[in-house]
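The values are calculated or read from the model by the stated rules, or taken from the named source; none is laboratory data. Remember, predicted model here, so these are calculated numbers, not experimental data. No Cβ is skipped: glycine too gets one built from the backbone with ideal geometry, and neighbour counts run over all protein chains shown. The accessibility values were calculated without ligands, DNA or RNA, using every heavy atom of the protein model including side chains. Shrake-Rupley method; radii C 1.70, N 1.55, O 1.52, S 1.80 Å.
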Amino acid sequence: MQPPAAGTLRVLHLSDTHLTGDRALHQGSVDTTAALERVLARVDTVPGTGLVVVSGDVSEDGSAESYAAVLERVGGWAGRHGAALVAVPGNHDLREGFRQVLANGHVLGEGGRPLAHTMEYHPPTVPVWGQSLVSGRRIVTVDTSVPGAGYGEITDASLDRLRAALAGDHAPHGTVVVLHHPPLPAPTALHDALKLRNPGDLADAISGSDVRVVLAGHYHHHFAGSLAGVPVLVAPGVANDTDVTGVYDEEAAYVDAGALVVDIAEDGSVWSTPVRVPRPDADPLAFAFDAETVTRIIEASTGP
Ligand SMILES: [Fe+2]
């Protein structure tokens, strides 16, 4: 791949790694640790990465062991490449395990140097919040997870923090917002039930601001759209790839993995290169749920 242009921040955008502490297979079919290792090996030749992002569903089981496994692999990659590392929780993550290993998610700073964190206790009801500066860009992570639920919501307190961050000290080259649930339409009935419930509040918060791009995950497939005129990029999943052409109220996924390489220029222009890392040796279907099963999952993930 070509090196990034001068002044450009290159981001390796990973999402939905779904690692398990005991290496149990995801949906009974995918070794997500091996999938993550394959993706990282594929992008090892990508030059000039300044920031690695994991936009949620970092873990499948919320265990400290699963976060440590992600940190070892993705943190190791970022450290070797001299890149910062930022992660945000998704609906599968548990805030206690996340914080225990990844603190506020801003793990490595510019150049891949570890960031210092105070060991302040936050109960799991409090969303994870973090911001840091990488190559003149303000990197803001917004926790859209709702404990015990699969859908996403940005709390009023998180919206206040986002607005305050965007109104704060000037970031020379703008802001990158990282969150799990995309503020974009969902491809299937299941994802629609589990989507971000207040995208309008996010639109209001970033409208007219210096946000250059919103990086998200959750849909396990690459999408590009916009919110309040700001590009929104959804990374393909590391764990599997949603069948976006399937029957709307059923749910299936293929054994596939990928990532985005996102270049953000000093003038705010954005250029994204999707990287696919398929497994030709695997059974192509990761899982398939009929409509009845999807309804049961929706009821369990959204409450009465
Ligand atoms: Fe996920």
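Along the Cα→Cβ direction, 7 angstrom out, place labels at Thr45 and Asp156. What is the inter-label distance in nm?
Those two pseudo-labels are separated by 5.3 nm.
Given R₀ = 35 Å, FRET efficiency for Ala300-Gln2 by Cβ-Cβ distance, to 0.05?
Values: r = 46 Å, r/R0 = 1.31.
Computed FRET efficiency for Ala300 and Gln2: 0.15.
Calculate what fraction, in whole %, of the accessible area of the chain sits on carbon and sulfur atoms when a 1.4 Å probe is rolled over the protein chains.
Numbers: 6590 of 12310 Å².
Whole-percent figure for carbon plus sulfur exposure: 53.
Please give, to one decimal in nm, the separation of the simple spin-label points placed at Asp281 and Asp267, each 7 Å out from Cα toward the Cβ.
Going by the 7 Å Cα→Cβ label model, 4.7 nm.
From the backbone phi of the range 39-51, what are the Karplus-calculated ³J(HN,Hα) couplings (6.51 cos²θ - 1.76 cosθ + 1.60, θ = phi - 60°) in whole Hz, Gly and Pro given as x?
Going residue by residue, I get 5, 5, 5, 5, 8, 4, 8, 6, x, x, 6, x, 8 Hz, with x marking Gly and Pro.
Pop out the Kirkwood hydrodynamic radius of the range 69-113 from its pairwise C-alpha distances, inverse of mean 1/r, in Å to one decimal. Each step should come with its number before you reach the end.
Working: mean 1/r = 0.0936 Å⁻¹.
Result for the range 69-113 stands at 10.7 Å.
Let me check something: with ligands and nucleic acids excluded, how do Thr20, Thr155 order by accessible area (1.4 Å probe), largest to smallest? Walk me through the numbers on the way to the answer.
Numbers: Thr20 15, Thr155 55 Å².
Descending accessible area places them as Thr155, Thr20.
Two decimals, Cα atoms only, Kirkwood Rh: what is Rg/Rh over the range 126-195? Each step should come with its number before you reach the end.
Details: Rg = 13.8 Å, Rh = 13.3 Å.
Ratio of gyration radius to Kirkwood radius for the range 126-195: 1.04.
Spelling out what I want: for every residue of the range 86-99, take phi, set θ = phi - 60°, compute 6.51 cos²θ - 1.76 cosθ + 1.60 (Karplus), and round to whole Hz; glycine and proline get x.
Using θ = phi - 60°, the values come out as 9, 9, 9, x, x, 5, 7, 6, 10, 4, 5, x, 4, 5 Hz.
Under a no-solvent Debye model with one identical scatterer per Cα of the chain, what's log10 I(q)/I(0) at q = 0.09, 0.11, 0.14 Å⁻¹?
Result of the Debye calculation: -0.38, -0.59, -1.00.
Quick one: order Ile206, Ile298 from most to least accessible surface, probe 1.4 Å.
Ile298, Ile206
Going from most exposed to least, what order do Tyr219, Tyr151, Tyr121, Tyr254 have by accessible area with a 1.4 Å probe? Please list the in-between numbers first.
Numbers: Tyr219 0, Tyr151 30, Tyr121 155, Tyr254 90 Å².
Reading off the accessible areas and sorting them downward yields Tyr121, Tyr254, Tyr151, Tyr219.
Could you work out the Kirkwood radius for the range 190-271, taking every pair of different alpha carbons, averaging 1/r and inverting it, reported in Å? Present the calculation step by step, with values, prior to reporting the outcome.
Details: mean 1/r = 0.0705 Å⁻¹.
It is 14.2 Å.
Give me the accessible area per residue for the chain, probe 1.4 Å, as a whole number in Å².
So the chain comes to 40 Å² accessible per residue, rounded to a whole number.
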